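Before any comments, here is the structure.
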Amino acid sequence: SLTLSLSLDSCEIGVAHGYFYDIHVTTYGEAILLALQSYVIVYLSVKYSGDWSLENGAWFVANGAFIAAIVTKSIPAYIISLLLAATVPLLIASRGTQIYSLYRLKSVGDVSISMFVLSSYASAARLFTIAVEVKDLQIFFMFVLSLFLNLTVVVQCFYYGRSATSHQQKKKTN
């Protein structure tokens, strides 16, 4: 899915930034696990949907090459800084599509509220660790945006979840 792919790309860039600038792994370590989890989910999604297109294959190859370039530090530091700035539009596109979809459908569908609550908590925790350990304003404001977007989805889940429930209850009473 587009949302997962964009989230994965954003995680990979965050890991690359921390790794290239020798930031302690405790400040970005969860992004490694999130990236791995997202990669597996994207792979399984493509596998079970039978959507092995050239574009999907190219995406997997490009991600593999990017991971290899991160590990070998083959990418110049200024490119990593540019990519880090690019994570803002990736984050907005990733969460923005989810927010718009929930708004348009007026339903939470299969959205996991617990995932977005945990993502909100993780973003808030990252704000603290960044403020204390890293003191990087660019990363700090990215996580402020992430927290805002994740909380928007949480609020939508409660709002549309209750709306759907009360709509179903009204149907039963009539």
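With contacts defined as alpha carbon pairs under 8 Å and 6 or more residues apart, what's the relative contact order of segment 18-170 in percent?
Relative contact order comes out at 26 percent.
With a ≥ b ≥ c taken as the square roots of the eigenvalues of the C-alpha gyration tensor of segment 1-93, please select rounded if a/c is under 1.5 and otherwise prolate if a/b is larger than b/c or oblate if it is not?
Because a/c hits 1.5 or more and a/b exceeds b/c, segment 1-93 counts as prolate.
Please give the helix 113-129 orientation as an angle from the longest Cα principal axis of the chain, in degrees from 0 to 90, rounded to the nearest 10.
40 degrees
If you take the beta carbon distance between Ser112 and Phe158 as r and set R0 to 22 Å, what does 1/(1 + (r/R0)^6) give as a FRET efficiency, to the nearest 0.05?
0.95
For helix 54-71, report the angle its Cα long axis makes with the longest principal axis of the Cα atoms of the chain; keep it between 0 and 90° and round to the nearest 10°.
Tilt of helix 54-71: around 50 degrees.
What length, rounded to one decimal in nm, is gained on full extension from Ser81 through to Glu30, with 0.36 nm per residue of separation minus their alpha-carbon distance?
In short, 16.4 nm is gained.
I'd like to compare 59-66, 152-159: which one has the highest average count of other Cβ atoms within 10 Å, and what's the full order after that?
152-159, 59-66
How much FRET efficiency would the formula 1/(1 + (r/R0)^6) give for Leu151 and Tyr43, where r is the Cβ-Cβ distance and R0 is 30 Å, rounded to 0.05?
The computed FRET efficiency comes out at 0.55.
Calculated from DSSP H runs of 4 or more alone, at -39500 (n - 2.57) each and per residue, what is the 222 nm mean residue ellipticity of the chain, nearest 500?
-28500 deg cm²/dmol
Find how many whole Å separate the alpha carbon centroid of segment 27-65 from the alpha carbon centroid of segment 89-142.
The two parts, judged by their Cα centres, are 19 Å apart.
Using Cα atoms only, what is the angle between the long axis of helix 77-105 and the major principal axis of the chain, expressed in degrees (0 to 90) to the nearest 10?
The two axes meet at around 10 degrees.
Each label point is 7 Å from the Cα along the Cα-to-Cβ direction; what then is the distance between the points at Glu133 and Thr97, in nm?
Using points 7 Å along Cα→Cβ, the separation is 3.0 nm.
Which length gain, in nm to one decimal place, applies between Tyr121 and Trp52 when the Cα-Cα distance is subtracted from 0.36 nm times their residue separation?
Result: 21.3 nm gained on full extension.
Could you state the accessible area per residue of the chain in Å², with a 1.4 Å probe and every protein chain left in place?
60 Å²
When the accessible area of the chain is split by element with a 1.4 Å probe, what percent falls to carbon and sulfur?
69 percent
The values are calculated or read from the model by the stated rules, or taken from the named source; none is laboratory data. Keep in mind that what you see is a predicted model, and the values were worked out from it rather than measured. Virtual Cβ from ideal backbone geometry, glycine too; neighbours counted across all protein chains shown. Ligands, DNA and RNA are excluded from the accessible area calculation, which covers all protein heavy atoms including side chains. Shrake-Rupley method; radii C 1.70, N 1.55, O 1.52, S 1.80 Å.
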